[in-house]
1. In the set Ala134, Ala105, Ala141, which member is within 23 Å of Thr55 (Cβ to Cβ) and in contact with a Ser or Thr (Cβ under 6 Å, 6 or more places away or on another chain)?
2. Would you point out the residue of the range 47-65, among those that are surrounded by 19 or more Cβ atoms within 10 Å (Cβ to Cβ) and more than 9 Å from the chain's Cα centre (by Cα), that is farthest from the ligand (Cβ to nearest atom)?
3. From the list Thr113, Thr55, Thr135, which residue is within 28 Å of Lys23 (Cβ to Cβ), β-branched (Val, Ile, Thr) and without any contact (Cβ under 8 Å) to a residue 40 or more places away in the chain?
4. Among the residues of the range 78-98, are any in contact with an Asp or Glu (Cβ under 7 Å, 6 or more places away or on another chain), over 20 Å from Gly11 (Cα atoms) and basic (Lys, Arg)?
5. Can you find, within the range 101-110, the residue that is farthest from Gly10 (Cα to Cα) among those that are free of Cβ contacts under 8 Å to residues at least 60 places away in the same chain and within 12 Å of the ligand (Cβ to nearest atom)?
6. Could you check the range 66-83 and list, in sequence order, the residues that are more than 9 Å from the ligand (Cβ to nearest atom) and not hydrophobic (A, V, I, L, M, F, W, C)?
7. Can you tell me which residue is nearest to Gly61 (Cα to Cα) among those in the range 30-46 that are polar (S, T, N, Q) and surrounded by fewer than 21 Cβ atoms within 10 Å (Cβ to Cβ)?
8. Looking only at the range 68-89, count how many residues are open to solvent by 50 Å² or more (accessible area, probe 1.4 Å) and on the phi > 0 side of the Ramachandran plot.
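The values are calculated or read from the model by the stated rules, or taken from the named source; none is laboratory data. Owing to the predicted nature of the structure, the values given are computational and were not obtained by experimental measurement. Cβ atoms come from the backbone with ideal geometry, glycine included; neighbour counts cover every protein chain shown. The protein model used for the area step is the full one, side chains on, heavy atoms only, and it has no ligands, DNA or RNA in it. Shrake-Rupley method; radii C 1.70, N 1.55, O 1.52, S 1.80 Å.
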Amino acid sequence: MRIAIGSDHGGFRLKSEIIEHLKKKGIEIQDFGTLNEESCDYADYAIQVAEAVVTKQFDFGILVCGTGIGVSIAANKVPGIRAAVCGDTFSAHATRQHNDANILALGERVVGTGLALDIVDIFLSSEFEGGRHATRIGKIAEIEKKYSK
Ligand code: RB5
C-alpha cells in the first residue's frame, strides 16, 4: 500500500506522528510537505496529495491541518477526489465503506494523537462496499462533470 501525506503548519506535528506510525507498520509513505511549523497555505499541500492520489500513483492520501477542513475543501476541488474529514473511528470506517473516500483529512487541533492513529488504521483497512454506494458515487462524478469546463 502506498500513501501520500501532506499538511500545513497546523497539522505538521500530527503528520509527523502518522508518518512514524505507518513506517513502523511497513507502509510506504511519501511526505509532500510542509516540512516545518512555519506558517504556510494548506491548499498548496492539499493539491499535491490530491493529484498524486487521483493519478493513481498512491492508493490513498492523508491530509492534516488545524481542523482538517481547509485541506479537505481544497482536495475536494480535484475531480475524482473524495476527501473526508474524520474525528471518530465510526466515520473513518463508514466513509471507506459508503463513500469510497480516497483521502482522509484530520485536524491536529481537534483529535489527539492516539485517536488520530486509530482513525488512520481503520480508514486504511476498511473496504468500499460498492453496489448502491457505487451508484451514489457515480452521481457525484456527474456533478463534477456538469460543473467542469
Ligand atoms: C491554520 O491556522 C489553519 O487555519 C489551518 O490549519 C486549517 O485549520 C484550516 O482549515
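1. Numbers: Ala134 fails: in contact with a Ser or Thr (Cβ under 6 Å, 6 or more places away or on another chain); Ala141 fails: in contact with a Ser or Thr (Cβ under 6 Å, 6 or more places away or on another chain).
Sole residue among the options that is within 23 Å of Thr55 (Cβ to Cβ) and in contact with a Ser or Thr (Cβ under 6 Å, 6 or more places away or on another chain): Ala105.
2. First, pick out the residues of the range 47-65 that are surrounded by 19 or more Cβ atoms within 10 Å (Cβ to Cβ): 49-50, 52-53, 58, 60-65.
Applying the additional criterion that residues be more than 9 Å from the chain's Cα centre (by Cα) yields 52-53, 58, 65.
Numbers: Ala52: 20, Val53: 19, Phe58: 22, Cys65: 3 Å.
Looking at residues that are surrounded by 19 or more Cβ atoms within 10 Å (Cβ to Cβ) and more than 9 Å from the chain's Cα centre (by Cα), I get Phe58.
3. Values: Thr113 fails: without any contact (Cβ under 8 Å) to a residue 40 or more places away in the chain; Thr135 fails: within 28 Å of Lys23 (Cβ to Cβ).
None of the others qualify; the one that does is Thr55.
4. yes
5. Residues of the range 101-110 free of Cβ contacts under 8 Å to residues at least 60 places away in the same chain: 101-105, 110.
After this cut, where a residue has to be within 12 Å of the ligand (Cβ to nearest atom) as well, the list is 105, 110.
Numbers: Ala105: 13, Val110: 11 Å.
Ranking the qualifying residues of the range 101-110, first place goes to Ala105.
6. Asn76, Lys77, Pro79, Gly80, Arg82
7. Narrowing the range 30-46 to residues polar (S, T, N, Q): 30, 34, 36, 39.
Now narrow it down to the ones that are surrounded by fewer than 21 Cβ atoms within 10 Å (Cβ to Cβ): 30, 36, 39.
On the way: Gln30: 10, Asn36: 19, Ser39: 22 Å.
Among them, the one singled out is Gln30.
8. Number satisfying all stated conditions: 0.
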